[in-house]
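Everything below concerns the one structure shown next.
The values are calculated or read from the model by the stated rules, or taken from the named source; none is laboratory data. Note that the coordinates shown come from a computational prediction; the quantities given were computed from them, not determined experimentally. For neighbour counting, all protein chains shown are included, and Cβ atoms are generated from backbone atoms with ideal geometry for every residue, glycine included. Note: areas computed on protein heavy atoms with side chains; ligands, DNA, RNA excluded. Shrake-Rupley method; radii C 1.70, N 1.55, O 1.52, S 1.80 Å.
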Amino acid sequence: MPRKTPSHKLAEIHSMALRRFDQAANFNAEVRRRSVLCRKFTSMPGGQWLWDEAGDFDKRMKLEVNKTSLAVSRILNEYRNNRIAAEFLPVDGSEHGEMSDICAGRYRADTHDAPGKQARDNAFDELVMGGMGAWRLRAEYEDKRKGHQRVCAEPISDAATTVYFDDNSKMEDKSDAKWAFLITPTTKEAFKEQWGEEAASFPTGMEYVPQYNWYAPDQIMVAEYFVKARGTGEMRVFKAFDGVETEYLASDLSEEDVADMLATGLVEAEGYPIEFDEVRKYTLCGSKVLRDDGIIAGKNIPIVVAYAHRRVIDGVEYFEGHAQKPMDTQIILNVQASSVYETSVESPVRVPIFAAEQISRYQTMWDGTTKYRYMLADPILDNDGNPVAFGPQAYLEPPNIPEATATLLGLSDAHLQDLLGNPMQAETMQPNQSGVAMELVQARIDVQTSGYLDALAKGERRAAEIWLSMAADVYHESDRKIKTMTEEGKRGSATIMRPMLDEASGEIRHEMDFANAEYDVVIDVGPASASRRRSTQKAVLALMAATTDPETLQVLTMTAIRNTDGEGMQEVRDYARKKLVSMGVETPTKEEKAEMEASQAQAAPDGQAALASALAKESEAKAIKATADAALAEARTEQAKAQTAETLAGIPIAQQKAAIEGVNAIQRGMNGNA
């Protein structure tokens, strides 16, 4: 069997991709179509009359009493007053350390810039209105000169018609999906400029003819096709003369790298096979694979999807947003309101009815072109010329609004409030209402908002997991300095991949290595920083009124200052934090701890401290001298014993005995005198 050429392999990949896409697009096409309709219904002028496909109301008044949009806007505003933060916790349950803080700080710096914020805002808007929102992560160059990359977040527009995952995936966040598509509509001119003329038209004689319309009259659809697979490789092991082994992935080594290591005295040991997840990306259109982008960073498909209300029924995935349920009631309200206004405009007043001879002389006055202070009309005369009737003979009364219509308007309005809530409650609160009453109203508003915030929080958790897997491939340079960001938006920096000696194994390892960062992602949803500071300040001020302890009051005062907003308050807040750190209330950062230690080392001791230090040193010196004297005395004793033994060894036994007895007698005499 002949080997397949690269072009033949790409043709097979393209055919498989088209089949998979049609399968995913047809899986819940009606649900996606309705999602787009809901977004148009909520935000597009005229969108609430798109249901009139037959044109029955084309020549009639079409009002939009858009209460759905007001409810959606309230949810969007509540979202912007809250923040969703990702926290990285070690998988083994240990306390999070410096690497956890670096992961959280770098994640914020990567994904909370202007494009990242736009990506989340756009996803939340589409999620609330249509039930589905999405954004993507990708690697881009941060410093091309050094070759440093970063992970960034980018928005995805029209997620319901551009994002398609493996229809066999069961998880809501699509973490188990094997493949995915991201569709980008492109104008024909832009497509031809980038990919050429030959790919700009649909080919003939294809093995598989797709059902999806890849070629619109003015646009060509370009798809990014992500395929997740189980990769295999081999680890090569090199052993040093002291037995320390170093492992490398075979695909990461060139022959020159191997030769250099062998030249330094390393010996290659037996390697072993490994398996790992990888994601490959292709760029394609309806006619062919335009480009094989190769293996991309990370082990996950870098698309984040979030659903408002998702459920699976009979194996089909359904989702809906805040606008879908009230659509029918909103349409009824619009139709009835239009009918009432139309009636009011066409017949606003009673129309008098005259006999022709009454106004024949005053037709210019009654033609309506000019408004007069009074109007003239002749009486009706009998045959003798006597008046028999004056004024209008009758009136054409304006039509009354049917009772059923008025009832239906009231029911529709009440039903919309049941479905959407009453956003006017927060706007009609009186100034003298208690804080408890205001909190209860806000709690009712939060009930509807919390579900959508929770949906976005699930997406944020998935985004952090994808980012962490990409960070292991992107942030790998030794001794690289990266930008970080705190929850308050304050910029910082950290150094990763610092070489260090492992005292246990004697190997050179890298500190702050993203490749070894194994963390669970936990999401915290709460008020924005400004709202939290105001709430904290309010609670602290209440505590200050309830305590008289000076030290506690100082702590509470510094905490209140720490949470005070205002022009020029940043320096004051920084001072309050330093004060709280010095008092042991707040935990110092690594830089603050080093600064405190340096300050303590440079600080001159006072008089009492100097006296205590001198006395301690004197006592220590005396103890050292006493120990030395005891050691010297013991050494002299041992020396004397040795000299005595040497002397005794040189005299006869009888003389030794006499000498010993003499020494003992002298010793007894000395003891007696003592």
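Looking at M558, M583 in this structure, which one is more than 22 Å from R108 (Cβ to Cβ), modelled with pLDDT of 80 or more, loosely packed, with under 14 Cβ neighbours inside 10 Å and hydrophobic (A, V, I, L, M, F, W, C)? Reasoning before the result, please.
Values: M558 fails: loosely packed, with under 14 Cβ neighbours inside 10 Å.
Selected residue: M583, the only one of M558, M583 that is more than 22 Å from R108 (Cβ to Cβ), modelled with pLDDT of 80 or more, loosely packed, with under 14 Cβ neighbours inside 10 Å and hydrophobic (A, V, I, L, M, F, W, C).
Do you know which of the residues in the range 506-540 that are farther than 30 Å from L553 by Cβ and of a type in the set (A, V, I, L, M) is modelled with the lowest pLDDT?
Checking each candidate, the answer is I508.
Out of all the residues in the range 320-339, which are in contact with a helix residue (DSSP H, G or I) (Cβ under 7 Å, 6 or more places away or on another chain), open to solvent by 10 Å² or more (accessible area, probe 1.4 Å) and either more than 16 Å from N66 (Cα to Cα) or of a type outside the set (A, V, I, L, M) (or both)?
Hits for the range 320-339 are H322, Q324, K325, T329, Q336, S339.
In the range 246-254, is there at least one residue being part of a strand (DSSP E or B) and under 32 Å from the mean Cα position of the chain (by Cα)? Outline the logic, then answer.
Looking only at the range 246-254, we keep the residues that are part of a strand (DSSP E or B), and these are 246-249.
Within this subset, residues satisfying the condition of being under 32 Å from the mean Cα position of the chain (by Cα) are none.
Scanning the range 246-254, I find no residue that is part of a strand (DSSP E or B) and under 32 Å from the mean Cα position of the chain (by Cα), so the answer is no.
Pairs needed: first member in the range 34-57, touching a residue at least 40 places away in the same chain (Cβ under 8 Å); second member anywhere, acidic (D, E) and open to solvent by 40 Å² or more (accessible area, probe 1.4 Å); C-beta distance under 8 Å; at least 6 residues apart or different chains.
Within 8 Å, the pairs are V36/D158; Q48/E64; W49/E64.
Which of the residues spanning the range 212-251 are surrounded by fewer than 18 Cβ atoms within 10 Å (Cβ to Cβ), of a type in the set (S, T, Y) and within 17 Å of R280 (Cα to Cα)?
Hits for the range 212-251 are T232, S251.
Working carefully through the options E477, E503, E487, find the one that is assigned to a loop (DSSP other than H, G, I, E, B), closer than 26 Å to E247 by Cβ and either in contact with a strand residue (DSSP E or B) (Cβ under 8 Å, 6 or more places away or on another chain) or modelled with pLDDT of 80 or more (or both).
Numbers: E503 fails: either in contact with a strand residue (DSSP E or B) (Cβ under 8 Å, 6 or more places away or on another chain) or modelled with pLDDT of 80 or more (or both); E487 fails: closer than 26 Å to E247 by Cβ.
Checking each option against the conditions leaves just E477.
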